[in-house]
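Bear in mind these aren't lab numbers, they're just calculated from the coordinates by the rules spelled out. Keep in mind that this is a model prediction, so the values were computed, not measured. Note: ideal-geometry Cβ built from the backbone for every residue, glycine included; neighbour counts use all protein chains shown.
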Amino acid sequence: MRARFFRTIGEIRVPKFVYEPGALRESLEAGKMSMTVAVIERNDGAIVLVDSGYSEAVCANPIGALGWFRSLSALGMDSTADDAIVRQLEELGYDPRKVTHVIATHMHLDHIGGVCDFPNAELIASRDEFSAFLSIPRSPGYRQEDLVASGRIRIVDLKEEGRYGFPASLDLFGDGEVVLLDARGHTQGSVAVAIDDGKRPYIHIGDAAYQSWEYGLAPSGPSRLASLTVWDKAKLYDTYRVLREAENHERRPVLVPSHDVGVYETLPKSAEG
Ligand SMILES: [Zn+2]
C-alpha cells in the first residue's frame, strides 16, 4: 500500500439532538456531520475507495439532482461540485481513471452515489446488501439510478472467518490490505472495511454507528438518528458489541464512522498525512 487517507464529502449541518446523547429536541443548536470516504492507493497505482459520498452532480445541486422524495437525505448538505471525491482526488493529482474499486459499506445513496464519476470503477457490495437494494426500490435510502449510471457491480460473499472480532470477513485482494467485515444492523448487508498498511489499521465502519459514542458502554446508543434509520435493532446491538471488541483488539485499530466529524478531524487527509 502506497498511501491511505480520508476525505469528507462536504458537510452535513443538522441540529445536535439528532445525533448527540442527551441533547434536547428543543435545542436548535446546530452541529456538523462528516461524510467520510477512505482512499487507498495500492502499490500498482490502483485506487480503492471505501464509499464515495454523493456524485459530482449531486454535490453541485443536492435537492435538484435527487428530487423531492430523496432530497430529505440531503437536507443540511452544504456542498459544491468541488466537494465530490472525484474533484478532490483530481485536486490531489490523482487520475480518476485509476479508481478501480468502490467498496460500499452499504448501498445508501449518500455512500455510493459517486461511483458513476469513475469510469473504471467496479462497485463491491455484499450479497445481502444488494438484495436489500433490489427489494426496496421506493426506499428513500436506496436509489437505483446510482447503479444504472455506473453499471458495474460485483457481489461478494463474506466467509465465516472472524477478524478483529467481526463474525465474517473477506480479504478482497488476498494480501490482507483491504478486508470486508460483517457489520450488519444499520442495513441488511452493512460491512465495515479494515485498511491495513502493516502499521496501525483503520476500520471504516460506515453507518454501523453514526457516532463513536453510540457503541460505547456509557452512554450507550443508538442516537435518535440511528434509531430512525435502523434495519434490525438486535443486529445493530450485536455489531456495537463487536465494535467495542475491535477497538480493544491487540492491533488497536482506529474505528471510523462515516458521519462522526470528531473522528474525521483526527485522520490523515492526504498521502503525506
Ligand atoms: Zn450514511
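Among DSSP beta bridges whose residues both lie in the chain, state the antiparallel percentage, nearest 5. The antiparallel proportion sits near 65 percent. Could you pull out the longest piece of the chain with no exposed loop GluC sites (Glu not before Pro) in it, calling a site exposed if DSSP puts it outside H, G, I, E, B and it has at most 14 other Cβ atoms within 10 Å? No qualifying site falls inside 30-159, the longest such stretch. A cut-off of 5 Å between modelled amide H atoms, ignoring neighbours fewer than 5 places along the same chain, links Thr105 with Asp51.
By the count of neighbouring beta-carbon atoms within 10 Å, fewest first, Leu134, Leu123 end up ordered Leu134, Leu123. Ordering Thr239, Thr105, Thr266 from the fewest to the most neighbouring beta carbons within 10 Å gives Thr266, Thr239, Thr105.
Considering helices alone, the calculated mean residue ellipticity of the chain at 222 nm is -6000 deg cm²/dmol, with DSSP H runs of length four and up weighted by -39500 (n - 2.57) and normalised per residue.
For the chain, just say rounded, prolate or oblate: build the C-alpha gyration tensor, square-root its eigenvalues into a ≥ b ≥ c, call rounded for a/c under 1.5, and beyond that prolate if a/b exceeds b/c, oblate if not. The shape class here is rounded. Taking a straight Cα-Cα cut-off under 16 Å and skipping sequence neighbours fewer than 8 places away in the same chain, the lysines within cross-link reach of Lys16 are Lys32. Neighbour counts of C-beta atoms inside 10 Å place Leu236, Leu66, Leu92 in the sequence Leu92, Leu66, Leu236, starting with the fewest. Here segment 147-251 is treated with +1 on each Lys and Arg Cβ and -1 on each Asp and Glu Cβ, and its dipole about the Cα centre works out to around 340 debye.
In a simple Cβ point-charge model (Lys, Arg +1; Asp, Glu -1; nothing else charged), the chain has a dipole of about 380 debye relative to its Cα centre. Checking every one of the trypsin sites (Lys or Arg not before Pro) in segment 213-262 against DSSP loop status and a limit of 16 other Cβ atoms within 10 Å picks out Arg251.
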